[in-house]
Amino acid sequence: MSTLSTGLGAALRHRRLAAVLWLSLLASALVAWYPIKALFAAFDEGAFREALVKGWDSWGILSFLVVERSQIGLVLAAFLGSAVAFVLLQVFLTGGVLRALIANRPRPVFRLVVAESAALFKANLWATARFALSSLFWLGLLVVLPCAGLRKLATHAPPHGGASTVLFWWALLGGLFVFFNTGLRFDLARIALARDDARNARGAYRIAKQRLSGRRVSGLRVILFWLVVFLGVQALFTSAGLHMNPRTNGAVAGLFLFRQIGFFLLAMARVGFFASLLAWEERRRPAYSVMGSASGGTTWNVSESIWARAPASAFPETGSSVTTNGSALLSS
Amino acid sequence: MRKSLSGAAVALMLAAPAFALEAPRKLVDYAIDVTVDPDKKTVDGRETLKWTNPSDAPVAELRLHLYWNAFRNDRSTFFKESGGRLRGDKADTSKGWGYTDVTSMKWDGVELVKGARFESPDDGNPDDRTVLVVPLPRPVAPGETAVLAIAWKAKVPRVYARAGYVRDFFMFGQWFPQIGVYEPKGRRRRTDSGWNCHQYHANSEFYADWGDYRVAITLPEKFVVGSAGALVDTKTAGGRKTLTFEQKSIHNFAFTADPRYVLVEDVFDPAKDIPADEIARASKTLGRSEADLRAGFHKVAIRLYLQPDHRAFDRRHVEAQKWALAWTGLWAFPYPYAQISIVDTPEDGMGATGMEYETIYTTLSFKALSYWPLNRWVVSEMVTIHEFTHGYWMGLLASNEFEESWMDEGINTFTEFVMVDRKYGAYLKVPPGIGFTDEEWNRAQAALTQDHDPILSNAWKYAGEGSYGRNSYPQPGTTIQQIRLLLGEEAFWRAFRGYAERWRFDHPTSEDFLDAMRAPGNPLVAALILKTWYGRGWVDFAVLDARTTPDDGFTGFDDADKPVNFDPDPKKKPQKKPDEKKHKGPWQSLVVVGRDGDIEMPADVVLTFKDGQTVKRMWDGASGWIKYRVTSSSPLVKAEVDPERRTVLDRNPWNNARYTKKYEGPSAAAKGRTYALHLVEILLSTLWGVL
């Protein structure tokens, strides 16, 4: 089974896990709800109510942006609060989501995810800080510095000449490449933490480096595949949502539900991505063999020291998982 | 030297004729030879300036503009006012300075430079070098033509304010020693004759007299040159070429040079390029036959000097140009020149972008604007239309941009949004129909914002760049739109075209335009002009209250002290209020409509009832508020003032309606909140790609 099909299968199977992520999105968005509610109260009190129910009213919206600019400022501030809440929630939840996937437990998951997330939160927070710093460092070194140098060299060159075209594409593609690389290592570090391959972020990053060694391209392929899925779902639902233009209160409720389905699918894509990456990582764990013997004993052929400890809460002794070097194989 | 022949009589005729001119009064002729060194960014020039004294009084000194001295150092008035920034572009203060030095000026063989001095008539800045005053050995007599031989050298500034260079792109605007305007008594309503020669300010443009130009430009052969004139001669020698251009009846001469230009040529052909529906509309509105409107139109050569990376814009600029030629020809008068040149500035030379000169202007292209969805934003077309039409309100009706900047920019903003919205339908429109018009964009910048100046002010005397911008562009543009709505289409456009035809080839003042708008005799327009051009007037209509209650008849004591519809016995329970839902009528409604601000405007007030019936009343708006009490069979659900949105100056259109509790329609707020929440979720979920 390929890593991608493993991910797709997991995305469909672990719907409750996706629901946890979707709820985290909705809850974060609702942080901005009260300023949004206050801002849009004017829609029902003012001259553009019926026009806006019918559709777009250009003067209504343009004048709204000017007349209500202070209230819009409040909404923007609240949005920043939403973003902070969302970032912290994702840092928190990712560890639990990974452990639920490793345990291959479609249900019940909520308590499991919260408990495992809490256990891993501190280490994941450090890993996130390291990711932010390493992204800044590598983006600065490999993108910003070369671009600044090239820009200086091309100071007297006309716009859109060879130098500026190289600069643009290097900034875009180079930036994405660097970002995906640091992101991939970050994700693998979090997997290492979830598998208890490492005790802290530093060790997890070291293990992530070992996993990535010589296999970067296939890892990036996993990221790109799920990025395309993510963008496709986002574009489809955003476009459809805009075109729906509900004209009744019932239709507005329908639009809300429809968009939440879209966000739920995005959450499923995130689950699928992590499942794919877990499968990818599983196949690239250090070489060893599990050999049966007549006595039923196991001979380990390990090229590096592996200390593994199944997290107690994640792996109840049900006997349903095949345990190799301390972690459960997906779909096995 | 040409001697005075007609004296005071000629001067009087030149001052202020009370009729429309067929051609401009030419008072200055220039013959210029200039050599450009593109490597050193220097200019060596010689010019023969013929200047005729248009007044009935002798003139003892001359005044010349040396505009590039605005870029001489950080003590110039221009630099002090602008802080070295203009429209988002910043001066290169390391090596981007420029200047103009007059090295010789002779009249009848007498050198005048030694006695010349700089003056700063506007702010007294002793360091400003943009106005050169040249005392004469003897006065120039009324009607006499003085012939001056001038030599000068100049350093081209790095462009951030209209003129200058970037790499080997050059824009030469206001680049030669140019004589100021000596206004005779009567010109622009002056009560005495005198020089009108202002310093170069951050927030001002220009003013000059008409004349004929012959300009010979020498520069390396690789350069492609576009100019205000027609090319009449080319000579090449030693890797350099001398191009000679001529243009009659203009009041400035600009040119551009860049080896990278791609020249796109086209022709405006009135037989093909005037839209049939537009000429039919103009004919009906103006009350003139189509044949009459077509008279005066002729073919116009269009030359677009395009940057090679902007090829995607060639048709966009040319089509916008053709539309502007057709529209201005119909609603003002046909373009009188044989050619128009459009300069597409490079993206690293945006300081030169969006500037008008006569028969030549600079427009805007950005490669990014050629890709979806930015290509749905017709900003490039808007700039082309805007800058070309300056050729009317600054060029052919040569207003004084120093003193009355709105006359160029404001009228031009108005005609720009009329043209853009008519041709393109919207300024920006992306699927599924989200966008806005150019008129709305300008209205938002004007009507909804506070300000500290009236429209009418000298350009350098506004509170700041923001106030200059608002009162020169969107505020007069939107106020003219308000006048249009007050007068109605026919009266307005007839007055508008009347103004354009009357002041063609002349120098109108604010009052000349405003007189044309007052002429149809609408007192509201006269009052509006007073409040906006000469004051800081504003208006805001609002529905202050709207309620509706069941009319249950008389309740209380009647005149005979008998209780009606209630029992006064304190021991008995009070009667229950009847259920409003079961009330069959009648209903009593109260609506209070207010007008804030000091501009008096009439407005319709429309009351809508639950059974779908509406009542419409015209309110003259003279008082601060008006109350309506209505008895109806159905409850009031909505009260609205100015439902057709004819008061474009309304500062807050959102308070123009109120709904009562009886309104049962769908909620726009719920829709807006839902979309806003989705937007937040979209943005947040994007972070999943990072975390």
Checklist entry - Given H placed on each backbone N at 1.01 Å, which residues far from B:Ile179 in sequence or on other chains put an amide H within less than 5 Å of it? => result B:His65
Checklist entry - Between B:Val430 and A:Leu172, what is the spin-label point distance in nm, taking each point 7 Å from the Cα along the Cα→C-beta axis? => result 1.6 nm
Item to check | Built amide H within the under 5 Å cut-off of B:Val131, gap 5+ | outcome: B:Leu66, B:Glu119
Checklist outcome for this item: Residue-ordered couplings for the range B:111-126, obtained by feeding phi - 60° into the Karplus form 6.51 cos²θ - 1.76 cosθ + 1.60 and rounding to whole Hz (Gly and Pro as x), are 6, 9, 5, 4, x, 6, 8, 8, 10, 10, x, 8, 10, x, 5, x
Checklist entry - Once you charge only the Cβ atoms, +1 for Lys and Arg and -1 for Asp and Glu, what is the size of the charge dipole of the range B:582-662 about its Cα centre, to the nearest 20 debye? => result 660 debye
Item to check | Of the chymotrypsin sites (Phe, Trp or Tyr not before Pro) in the range B:145-228, those whose Cβ has at most 11 other Cβ within 10 Å and which sit in DSSP loop | outcome: none
Checklist entry - For B:Lys284 and B:Asn565 in the same chain, what is the full-extension length gain: residue separation times 0.36 nm, less their Cα-Cα distance, in nm? => result 94.7 nm
Next on the checklist: Give the aspartates and glutamates reachable from B:Lys661 as a straight Cα distance under 19 Å; neighbours fewer than 8 places away on the same chain don't count.
Outcome noted: A:Asp44, A:Glu45, A:Glu50, B:Asp545, B:Asp551, B:Asp552, B:Asp579, B:Glu580, B:Asp611, B:Glu640
Item to check | Distance from the range B:79-105 to the range B:552-581 (C-alpha centre basis), Å | outcome: 84 Å
Item to check | Mean Kyte hydropathy of 0.5 or more with a Cα span along the axis of at least 18 Å, helices from DSSP in chain B | outcome: B:668-686
Checklist entry - What spacing in nm lies between the two simple spin-label points modelled at A:Ala51 and B:Ala237, each 7 Å away from Cα in the Cβ direction? => result 6.8 nm
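Starting with the fewest neighbours, write out B:Thr48, B:Thr362 ranked by other beta-carbon atoms found within 10 Å of each beta-carbon.
B:Thr48, B:Thr362
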Checklist outcome for this item: The pairs in B:Lys90/B:Lys235; A:Lys37/B:Lys429; A:Lys54/B:Lys284; A:Lys152/B:Lys235 lying past 29 Å Cα-Cα in this model are B:Lys90/B:Lys235; A:Lys54/B:Lys284; A:Lys152/B:Lys235
Checklist entry - Do any chymotrypsin sites (Phe, Trp or Tyr not before Pro) in the range B:480-543 lie in a DSSP loop with no more than 16 other beta carbon atoms within 10 Å, and if so, which? => result B:Tyr534
Item to check | Those lysines that a straight Cα-Cα span of less than 27 Å connects to B:Lys572, excepting residues fewer than 8 apart in one chain | outcome: B:Lys562, B:Lys581, B:Lys582
Checklist outcome for this item: So for the protein assembly as shown, using the alpha carbon gyration tensor with a ≥ b ≥ c as root eigenvalues (a/c under 1.5 gives rounded; past that, a/b versus b/c decides prolate or oblate), I'd call it oblate
Checklist outcome for this item: Interchain or sequence-distant (5+) residues whose placed amide H lies within less than 5 Å of the amide H of B:Asp596 are B:Asp540, B:Phe541, B:Ala542
Checklist entry - If you place +1 on the Cβ of every Lys and Arg and -1 on the Cβ of every Asp and Glu, how big does the dipole about the Cα centre of chain A come out, in debye to the nearest 20? => result 780 debye
Checklist entry - Short version: ³J(HN,Hα) in whole Hz for each residue of the range A:243-257, in order, from phi by Karplus 6.51 cos²θ - 1.76 cosθ + 1.60 (θ = phi - 60°), x for Gly and Pro, what are they? => result 6, 5, 6, x, 10, 10, 4, x, 5, 5, 4, x, 4, 4, 5
Item to check | 10 Å Cβ shell holding at most 12 others, DSSP loop, GluC sites (Glu not before Pro): longest site-free stretch of chain B | outcome: B:222-643
Checklist entry - Roughly how crowded by other chains is peptide B:442-450, in terms of the mean Cβ count from those chains within 10 Å of each of its Cβ atoms? => result 2
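At 222 nm, what value in deg cm²/dmol follows for chain B if DSSP H runs of at least 4 each add -39500 (n - 2.57) and the sum is divided by all its residues, to the nearest 500?
Values: 15 runs with 168 residues, N = 691.
Rounded to the nearest 500, the figure is -7500 deg cm²/dmol.
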Checklist outcome for this item: One finds, for B:Asp123 and B:Arg87 with R0 = 22 angstrom and r their Cβ-Cβ distance, a FRET efficiency to the nearest 0.05 of 0.55
Item to check | Above-threshold pairs, the threshold being 23 Å between Cα atoms, out of B:Lys248/B:Lys299; B:Lys461/B:Lys531; B:Lys573/B:Lys662 | outcome: B:Lys573/B:Lys662
Item to check | Residue-by-residue Karplus 3J(HN,Hα) for the range A:157-163, coefficients 6.51, -1.76, 1.60, Hz, glycine and proline x | outcome: 8, x, x, 6, x, x, 5
Next on the checklist: With the crude spin-label approximation of a point 7 Å out along Cα→Cβ, what separation in nm comes out for B:Lys577 versus A:Ala118?
Outcome noted: 5.1 nm
Checklist entry - Which whole number gives the average, over all residues in B:654-667, of C-beta atoms from other chains lying within 10 Å of the residue C-beta? => result 5
Next on the checklist: Quick check: residue separation of A:Leu150 and A:Leu65 times 0.36 nm, minus the Cα distance between them. What number comes out in nm?
Outcome noted: 26.6 nm
Item to check | trypsin sites (Lys or Arg not before Pro) restricted to the range B:456-542 and DSSP loop, no more than 10 other C-beta within 10 Å | outcome: none
Item to check | Cross-link partners of B:Lys577 among lysines (Cα-Cα below 16 Å; sequence separation of 8 or more within a chain) | outcome: none
Next on the checklist: How high is the relative contact order of chain A? Use alpha-carbon pairs under 8 Å, at least six apart in sequence, and give a whole percent.
Outcome noted: 26 percent
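Laboratory data are not the source of any read-out in this text; all were calculated from the coordinates shown. Since we're looking at a predicted model, the values are computed, not measured. Virtual Cβ from ideal backbone geometry, glycine too; neighbours counted across all protein chains shown.
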